[in-house]
């Protein structure tokens, strides 16, 4: 079944959403969160939500930002590995709590741990990144963005930001 493209139906709203997303990315970078780690956070959120389009996109982006293949591959089981620092673990716990807000809202101990290891502006950037990624995941899932195989020789060679399904 073909779904209505929200990006095509209301392009101004879609462009505004992308603009806000870009501002959130800039804010995260401006407070010292690396681009690679931002993509790992976005990837983890997308894994939880099951957004195949965003999983593919942020896997490639994380690899392109020199995050290790092992770190990317083990992200779903990050709690069981030694690949992530205490600070990264606190951020991952926070994004998971926000993404799975229906389970227990955001437990105080998880928020407190993030606040101990990250600055106020970094915590705020992580929260905004999580809120936006959850919105983008829901957009991709609701519209069933195309996730057809792309024949490339490297996982970072090609990426698409065209949510209509067209490879660019």
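Short version: what are the Cα gyration tensor semi-axes of the range 72-154, square root of 5 times each eigenvalue, largest first, in whole Å?
Largest first, the range 72-154 gives 26, 18, 12 Å.
By how many nm would the segment from residue 120 to residue 2 grow when fully extended, if each residue of separation counts as 0.36 nm and the alpha-carbon distance is taken off?
38.2 nm
Which semi-axis lengths, in whole Å and largest first, follow from the square roots of five times the eigenvalues of the Cα gyration tensor of the range 1-118?
Calculated on Cα positions only, the semi-axes equal 26, 17, 16 Å.
I need the P(r) histogram for the range 10-56: all alpha carbon pairs, bin width 5 Å from 0 out to the longest distance, whole percents.
Each 5 Å bin holds this share of Cα pairs: 5, 20, 19, 23, 23, 9, 1.
Evaluate the relative contact order of the range 12-143 (contact order divided by residue number), counting alpha-carbon pairs under 8 angstrom at least 6 apart; express in whole percent.
Value for the range 12-143: 33 percent.
Which order do the peptides 58-67, 13-22 take when ranked by the mean count of other beta-carbon atoms within 10 Å per residue, highest first?
Most protected by this proxy first, the peptides run 58-67, 13-22.
How much length would be gained if the chain were fully extended between residue 26 and residue 102, taking 0.36 nm per residue of separation minus their Cα-Cα distance, in nm to one decimal?
Full extension of this stretch gives 24.5 nm more.
Bear in mind that the values in this text are calculations on the coordinates, not laboratory data. These numbers come from a predicted model, not from an experiment. Cβ atoms come from the backbone with ideal geometry, glycine included; neighbour counts cover every protein chain shown.
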